[in-house]
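Below is one structure, written out as C-alpha cells, with a few remarks after it.
The values are calculated or read from the model by the stated rules, or taken from the named source; none is laboratory data. Every value quoted in this text rests on a predicted model; they were computed, and no experiment measured them. Heads up, the Cβs are rebuilt from the backbone with ideal geometry, glycines too, and the neighbour counts pull from every protein chain shown.
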Amino acid sequence: MSQDPLELTQAEQEDGAEDGAEGEKMPLIQHLIELRNRLLWSIGALVVGFVLCYIVAEEMYTFLVQPLADLMEGQPGRRLIYTGLHEAFFTYLKIAFFGSVCLTFPIVAGQMWAFIAPGLYKHERHAFLPFLMATPVLFLMGASLVYYLIFPLAWQFFMSFESAGGAGTLAIVMEPKVNEYLSLVMKLIFAFGLSFQLPVVLMLMARAGMVSSKGLAEKRKYAVVITFAAAALLTPPDIISQIGLGIPILLLYEISIIGTKLVEKKRAQREAAEDDAS
C-alpha cells in the first residue's frame, strides 16, 4: 500500500531513500509470482528434508524412544508393539515428516522473510530480524525441556500404575503401541516448542501497538487460567506434564511483559527524536 510522502516519518523517508528500487510499487501479478516461487522453494526443501530424514528414520526413532528405553533398561521383555500391518511403516513416515519440518524450518522461515522483507522499511527489517532469529532458538529450548525433563518424569508416573497381579487378579503391564507413543512424543515436542514462542508473539504485537505492558500485567490472572487450561488440552492427563508446560509459559509471560516495556521505551525514544528533528 502506497503512502503519502508528506505523512512519512523522518526514519521512513530516510529508509525509502536508501531502499531505492525496493520502494517502488510492484504489480500484483509479480507479488503472486514471487509468493509462488517462495512456496515452491519451501515445499522443495520439505521434500528433500523428508527424504533425508526417512533415510535416518530408524536413528530418529531410537532417539525419540530413548527416554522410555532408559526407564525400562534392565527389565527383560519390555517392548513397543504395533497391531496394524501398516502401522510401523506409517510411523516411520510420520517420523520423517516430523524431522523434515524441524530440519527445514530455518529455510522455510528464510523464504517467508525474503518475501516479506522488501515491503518493509529498513528500520522495520532491523527490528523484525531478531525475532525471526529467536524463533528456532526458543523452539529448541521448549523441545529440550520436554525431552530431557518432562518425558522421564511423566513416563515414570504412567509406569507406576503397573500391577504384578496375584490370586484372582490379572497383572497390568504397560505395552505401548509404537504409533501412539511416537504421536504423543511429537505432539508434546511441538506443543512445548510452539508455547515457547510466546515472547516473540507478544513483543511483535507490542511493536504493532496491539498490546501494552500495562495491559499484559493487568491481565496476568486471566493468563494463569488460560495457560493451565491450554496445558490440560495439549498434554496427557497427568499433573507433571501440565505443570511442566504451565510454569514455563507463565515465566515466559513475565519475560514478555519486561520485553514489551523495552519495546515501548525504544518506541517512545524514537518518537521523541523524530519530534525534535521536526
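Evaluation of residue 143 against the conditions (1) part of a helix (DSSP H, G or I); (2) surrounded by fewer than 17 Cβ atoms within 10 Å (Cβ to Cβ) shows that the sole unmet condition is (2). Of the helices (runs of 4 or more DSSP H) that lie entirely inside the stretch 167-278, those containing 1 or more residues that are touching a residue at least 12 places away in the same chain (Cβ under 8 Å) and in contact with an Asp or Glu (Cβ under 9 Å, 6 or more places away or on another chain) span 178-195, 198-207, 213-218, 220-234. Would you say residue 198 is under 29 Å from residue 84 (Cα atoms) and either surrounded by 14 or more Cβ atoms within 10 Å (Cβ to Cβ) or at pLDDT below 80 (or both)? The answer is no for residue 198. Taking the stretch 201-223 as the range and being over 19 Å from residue 140 (Cβ atoms) and surrounded by 19 or more Cβ atoms within 10 Å (Cβ to Cβ) as the test, the residues that pass are 202, 206, 211, 213, 216. Across the stretch 58-78, the qualifying residues are those that are modelled with pLDDT under 90 and in contact with a helix residue (DSSP H, G or I) (Cβ under 9 Å, 6 or more places away or on another chain), and the one among them that is farthest from residue 144 (Cα to Cα) is 78. Checking 249, 226, 255, 239 one by one, the residue that is closer than 25 Å to residue 72 by Cα and of a type in the set (Val, Ile, Thr) is 239 and no other. Pairing each residue of the stretch 89-104 that is touching a residue at least 24 places away in the same chain (Cβ under 8 Å) and within 17 Å of residue 135 (Cα to Cα) with any residue that is among the small types (Gly, Ala, Ser) and buried (at least 22 other Cβ atoms within 10 Å of the Cβ), provided the two are 6+ apart or on different chains, yields no C-beta distance under 6 Å.
Screening the candidates 184, 188, 153, 120 for the property of being at pLDDT below 85 and surrounded by 14 or more Cβ atoms within 10 Å (Cβ to Cβ) yields one hit, 120. Residue count for the stretch 247-270 under the criterion of being more than 16 Å from residue 199 (Cβ to Cβ) and surrounded by 14 or more Cβ atoms within 10 Å (Cβ to Cβ): the result is 2. Does residue 67 satisfy being touching a residue at least 24 places away in the same chain (Cβ under 8 Å) and buried (at least 19 other Cβ atoms within 10 Å of the Cβ)? When the stated conditions are applied, residue 67 passes them.
Of the residues making up the stretch 203-249, those that are closer than 26 Å to residue 187 by Cα and not hydrophobic (A, V, I, L, M, F, W, C) are 222, 227, 235, 236, 237, 238, 241, 242, 244, 246, 248.
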